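K.L.:
This is the structure, below, for whatever I ask next.
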Amino acid sequence: MASWQEKIAPGEEELFERLARTLVEGRTGEGRTLHRYAQVGLEGRFTVSASVPATHAQGLFAKPGTYECYVRFSSGAGRAQPDRVPDVRGIAVKVVGVAGDKVIAPLAAAQTQDFLAILTNTFAIPDAETFVGIVGAARKGPLSVLGYLIGRVGFFRALRLAGALGKAQDKGRVSLAERTFYVPLPIRWGDSAAKVRFRPAVVASTPATIPSGEHGLTEALRARVRSAPLTFVVEAQLFVDEVHTPIEDGSVEWLESVSPFVEVARIELPAQDTESARGKKLAETCEAMSFDPWHALVEHRPLGSIMRARNAAYRVSTTARNAMSELDVKPPSAIAV
Ligand code: HEM
């Protein structure tokens, strides 16, 4: 029996549908509503460890195995902007060849499990309506965001929230190959729940230099994956109780002293040339595909109100941009150039 609990507000499904439409109708040009610009789209292997402890051996991680995967690094804005503009940075991972029932009923037969992560281990925005309001205001400029927040949550809370949002904006000075990415809201982990992170297995003692041009992060990441394989350790942190590891309040950090991160898998990105014909085809495929936290096994259903709001948002966005159906996704090895 699960010890965590979700609080589902009456009528929230209709609200989330409406918010999703508002979010997507406001997008500029073609492509993703958010995270429009990708630094790279890569292929790799996702290997579930042979020594996952019984407590963590759930869903995809129930038994050891190796899968193919796609990995897309991105900046959060809804328009393609240079890396030197501070922004949220994301990593989206699509594990392919995953059998088992999926949470979206029409995609029950899909063979994929996605994970979407950013650079912060918490998600400060209290609810989906505020998130959509912030995105709408940000389209008019940063000052509009503060004005919007003051109107929505009051002056002092707005300042705190603006501070947290500011901290989430990465300045682009450290290579994305050297950063830890977090799934900052919980997902089901069998009968328990967990937060997940992707930590670089090795970080060189001298950080990579970021070229000074418009797209320094992109250049650095492309050079990094061309020269050597890149490995991220996938780690999961289990739910303990509502006080220390709340399901609905993403602003609370799940402290490692309360629930340690445990290795459950590794993502290995072999050295690859993103400028080669194959590299370009992989990037194109990643652009056409849809990475969505709800592309998940029943055992890894996203949890909490913001996660449920995302269920509508990603579907409306991917429909608007005619993304590839999840049922048509092939493993990278099936991509012919
Ligand atoms: C835990 C918080 C969140 C994380 C970690 C996250 C992460 C991401 C990432 C990494 C992507 C890029 C996916 C790709 O590479 O294709 C993305 C796209 C997107 N996100 Fe989120 N996001 C979060 C919250 C939200 C919320 C609250 C909403 C709306 C209610 C939202 C709406 C979208 C949309 C519409 C896209 C574009 C989907 C597409 O067209 O493919 N996200 N997000």
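Computed from the coordinates by the stated procedures, all read-outs in this text should not be read as laboratory data. Since we're looking at a predicted model, the values are computed, not measured. Don't worry about glycine lacking a Cβ; one is built from the backbone with ideal geometry, like all the others, and counts go over all protein chains shown.
K.L.:
Under 6 Å between Cβ atoms, at least 6 apart or on separate chains: pull out the pairs that start in segment 269-294 with a residue that is of a type in the set (Gly, Ala, Ser) and end on any residue that is in a helix (DSSP H, G or I) and within 8 Å of the ligand (Cβ to nearest atom).
P.N.:
Sorted first by the residue in segment 269-294, then by its partner, the pairs are Ser290/Thr318.
K.L.:
For residues that are under 18 Å from Gly136 (Cβ atoms) and in contact with an Asp or Glu (Cβ under 8 Å, 6 or more places away or on another chain), scanning just segment 2-30, find the one that is nearest to the ligand (Cβ to nearest atom).
P.N.:
Selected residue: Leu19.
K.L.:
Kindly evaluate Ala236 against the criterion of being within 25 Å of Val98 (Cβ to Cβ), buried (at least 18 other Cβ atoms within 10 Å of the Cβ) and in contact with a His (Cβ under 7 Å, 6 or more places away or on another chain).
P.N.:
Values: within 25 Å of Val98 (Cβ to Cβ): yes; buried (at least 18 other Cβ atoms within 10 Å of the Cβ): yes; in contact with a His (Cβ under 7 Å, 6 or more places away or on another chain): yes.
Judged against the criteria, Ala236 is a match.
K.L.:
Right, Glu275: within 20 Å of Gln39 (Cβ to Cβ), in a loop (DSSP other than H, G, I, E, B), away from the ligand (no atom under 16 Å from the Cβ) and out of contact with any Gly (no Cβ under 6 Å at 6 or more places or on another chain) or not? Lay out the reasoning, then the answer.
P.N.:
On the way: within 20 Å of Gln39 (Cβ to Cβ): yes; in a loop (DSSP other than H, G, I, E, B): yes; away from the ligand (no atom under 16 Å from the Cβ): yes; out of contact with any Gly (no Cβ under 6 Å at 6 or more places or on another chain): yes.
Here the answer is yes, as Glu275 does meet what is asked.
Conditions (1) within 11 Å of the ligand (Cβ to nearest atom); (2) of a type in the set (Phe, Trp, Tyr); (3) more than 19 Å from the chain's Cα centre (by Cα), marked per residue:
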| position | (1), (2), (3) |
| --- | --- |
| Ala38 | yes, no, no |
| Pro53 | no, no, yes |
| Glu68 | no, no, no |
| Val95 | no, no, no |
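K.L.:
Hey, does segment 312-320 have a residue that's part of a loop (DSSP other than H, G, I, E, B), within 16 Å of Leu34 (Cβ to Cβ), touching a Phe, Trp or Tyr at 6+ places or on another chain (Cβ under 7 Å) and within 13 Å of the ligand (Cβ to nearest atom)? Quick ask: steps written out before the conclusion?
P.N.:
Within segment 312-320, the subset part of a loop (DSSP other than H, G, I, E, B) is none.
No: segment 312-320 contains no residue that is part of a loop (DSSP other than H, G, I, E, B), within 16 Å of Leu34 (Cβ to Cβ), touching a Phe, Trp or Tyr at 6+ places or on another chain (Cβ under 7 Å) and within 13 Å of the ligand (Cβ to nearest atom).
K.L.:
For the structure I just gave you, tell me whether Val132 is surrounded by 19 or more Cβ atoms within 10 Å (Cβ to Cβ), away from the ligand (no atom under 16 Å from the Cβ), within 23 Å of Ser290 (Cβ to Cβ) and aliphatic (A, V, I, L, M). Spell out how you get there, then give the answer.
P.N.:
Values: surrounded by 19 or more Cβ atoms within 10 Å (Cβ to Cβ): yes; away from the ligand (no atom under 16 Å from the Cβ): no; within 23 Å of Ser290 (Cβ to Cβ): yes; aliphatic (A, V, I, L, M): yes.
Considered against the rule, which asks whether it is surrounded by 19 or more Cβ atoms within 10 Å (Cβ to Cβ), away from the ligand (no atom under 16 Å from the Cβ), within 23 Å of Ser290 (Cβ to Cβ) and aliphatic (A, V, I, L, M), Val132 comes out as no.
K.L.:
Tell me yes or no: at least one residue of segment 282-296 is within 11 Å of the ligand (Cβ to nearest atom), closer than 22 Å to Leu15 by Cβ, in a loop (DSSP other than H, G, I, E, B) and small (Gly, Ala, Ser).
P.N.:
The answer is no, given that none of the residues of segment 282-296 is within 11 Å of the ligand (Cβ to nearest atom), closer than 22 Å to Leu15 by Cβ, in a loop (DSSP other than H, G, I, E, B) and small (Gly, Ala, Ser).
K.L.:
Would you check if Ile118 is closer than 17 Å to Met307 by Cβ and out of contact with any helix residue (DSSP H, G or I) (no Cβ under 9 Å at 6 or more places or on another chain)?
P.N.:
Yes, satisfied.
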